Amino acid sequence: MKIGMVCYPSYGGSGVVATELGYALGEQGHEVHFISSARPFRLHRFHEKLFFHEVTDVNYPLFKFPPYTLLLANKIVEVANYVGLDVIHAHYAIPHSISALLAKQMMTRPLPLVTTLHGTDVTLVGAFEEFYNLTRLGLKSSDQITAVSRSLARDTVEIFGPINQDIKVIPNFIDPNVYLPMKGLMDRCRRYFAPQGEKILAHISNFREVKRVVDVVRIFSLVEKVTPCRLLLVGDGPEMVRVEREAVKLGLEKKVMFLGKQESVKEILQMVDVFILPSEQESFGLVALEAMACGVPVIASRVGGLPEVVIHGKTGYLAEVGDVVGMSEAVLSLLTDDLRYKSFSEQAVTWAREMFPVERAVKEYESVYEDAIQGPRS
């Protein structure tokens, strides 16, 4: 198949999933054409089956802001006609499903549309009054719809009502050959960040308010009072200043390390002891899955799709949003009990490998593409 993959290029789960899916599909012999405003941030390895097509801006005085939705629709048509795309796969509903719908209408031949929902495109952006009807139109006009968790599929129906078809749940995935425990090989990095043998906690996100990164610092401050540890914060975003101020206020500026945006996080996760994800909303929590695949237990909020990813009491612990004390106690229960930690770490690896393999996701997406291409069955 020739697949047009439309996604955001920025630091975030939807772009990561789209890119990793593209590589996996390429390995199966499919031709994948990424269409975006910039190269997706994990699309850095050459593969003979993967291509990138950039949507360029139009500099015209009449437009205060470039009409990206229209430019993207035109680029989809251009690529579809030139390379003969079989299907468009839009990741994140707004504006990608709308641009793809416009492209479908401009085409002189059928161009099936698959839309994958990742979370805030439905629960936040799509729920805005200004985008509600557009999002619903994009969903109703898609030939197939997938969601990354059962929780997100339920939320979508609750918010938008019936949308003519079932939403297929295809969880996010990991490549076990990439995300795997390799703590011994990361000893040099561990010594750099924790020279006295301290435990290492970590958080990775786009530092938006919904991620509650300030809570991460507060959780760390309570843990650090009991056992020596360091905190690695990976990413950047609008909450960065607040997070830095909280670290200084709590006197932790020498123990909290900001690593900025990182394309590859597996090396970081492979030297971490516990991963913290106290989000207010999380449709899946891909980074939590990546951490578990590396043998890192996860402490997370009991929201959205996270209970489908983190098994409470086996691969990590779940707590209510904002329960800083409860999360810190969960971290300490692992860091102060070697046998418990070893059990959680091993169970995390097994769970991630058995339940979220990339091979299963590829087969399920291939089936969705084929259904979209064949159209409704009478």
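The values are calculated or read from the model by the stated rules, or taken from the named source; none is laboratory data. Remember, predicted model here, so these are calculated numbers, not experimental data. Heads up, the Cβs are rebuilt from the backbone with ideal geometry, glycines too, and the neighbour counts pull from every protein chain shown.
Tell me which residues, restricted to the range 257-272, are touching a Phe, Trp or Tyr at 6+ places or on another chain (Cβ under 8 Å) and surrounded by 16 or more Cβ atoms within 10 Å (Cβ to Cβ).
Taking the range 257-272 and keeping what is touching a Phe, Trp or Tyr at 6+ places or on another chain (Cβ under 8 Å), we get 257, 261, 263, 266, 269, 271.
Passing the criteria: MET257, LYS266, LEU269, MET271.
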*Restricting attention to the range 217-266, which residues are part of a strand (DSSP E or B) and within 24 Å of GLY326 (Cβ to Cβ)?*
CYS229, ARG230, LEU231, LEU232, LEU233, VAL234, VAL256
*Residue that is within 19 Å of the chain's Cα centre (by Cα), touching a residue at least 12 places away in the same chain (Cβ under 8 Å) and buried (at least 20 other Cβ atoms within 10 Å of the Cβ), where the choices are ALA288, ALA247*: ALA288
_Considering residues of the range 145-177 that are over 20 Å from the mean Cα position of the chain (by Cα) and in a helix (DSSP H, G or I) only, the residue surrounded by the fewest Cβ atoms within 10 Å (Cβ to Cβ)_ = GLU158
*Yes or no: VAL178 in contact (Cβ under 8 Å) with a residue 60 or more places away in the chain, not acidic (Asp, Glu) and not assigned by TED's automatic domain parsing to the domain that holds VAL303?*
yes
*Inspect all residues belonging to the range 28-48 and state whether any of them is on the phi > 0 side of the Ramachandran plot and over 24 Å from the mean Cα position of the chain (by Cα).*
yes
*Can you pull out the residues in the range 186-206 that are closer than 21 Å to THR123 by Cβ and either acidic (Asp, Glu) or surrounded by fewer than 23 Cβ atoms within 10 Å (Cβ to Cβ) (or both)?*
ASN206
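Got a number for residues in the range 74-131 being aromatic (Phe, Trp, Tyr) and in contact (Cβ under 8 Å) with a residue 24 or more places away in the chain?
Taking the range 74-131 first, the residues aromatic (Phe, Trp, Tyr) are 82, 92, 128, 131.
Narrowing further to those that are in contact (Cβ under 8 Å) with a residue 24 or more places away in the chain: 92, 131.
Here the count works out to 2.
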*Any hit, the range 367-376, residues being out of contact with any Ser or Thr (no Cβ under 6 Å at 6 or more places or on another chain), surrounded by fewer than 19 Cβ atoms within 10 Å (Cβ to Cβ) and over 25 Å from LYS104 (Cβ atoms)*: no
